[in-house]
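First comes the structure, then the notes that go with it.
No value in this document is a laboratory result; all are computed from the given coordinates. For clarity, every value in this text was computed on a predicted model and none was experimentally measured. Heads up, the Cβs are rebuilt from the backbone with ideal geometry, glycines too, and the neighbour counts pull from every protein chain shown.
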Amino acid sequence: MLDDGYLLPPFEMPEAESIRMTLLNILRWFDNYGYLNSSGKKLVIVYDDMCHLLRYAIKRQHLHPGIEAFVKEAEHCVDRFHFVHNHKGVWCDLNVNPFTMEELKGVNTEICEQRFK
């Protein structure tokens, strides 16, 4: 979700559940846009399996500048529903916890799940 409240992308990603395809889509969407909002703050990217996506990207950031930008320039978190029910590890708690992000207070992080069910 962008700082103006819009979903990005504004459509469902059918058959895009693989980590590799999700990362590729994110790299395409932000290629010209970057990971900063209009105020110069990092965009928060919310994804239901962000813990696996971020770890995948961290291991591959040396391969492509776009992956490195995703890792270093964006904020990352899991939506609240999936975090509470599926993400129990220390790594998730430290790196993708939506409850510790001030920017997400009052934000419906499950909007994609609700919109595309």
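Applying the selection to the range 40-95, what residues are of a type in the set (D, E), closer than 14 Å to I26 by Cβ and outside any strand (DSSP E or B)?
D48, D49, E68, E73
Considering each of A74, A57 in turn, give the residue that is within 19 Å of E17 (Cβ to Cβ) and of a type in the set (G, A, S).
Working: A74 fails: within 19 Å of E17 (Cβ to Cβ).
Residue meeting the stated conditions: A57.
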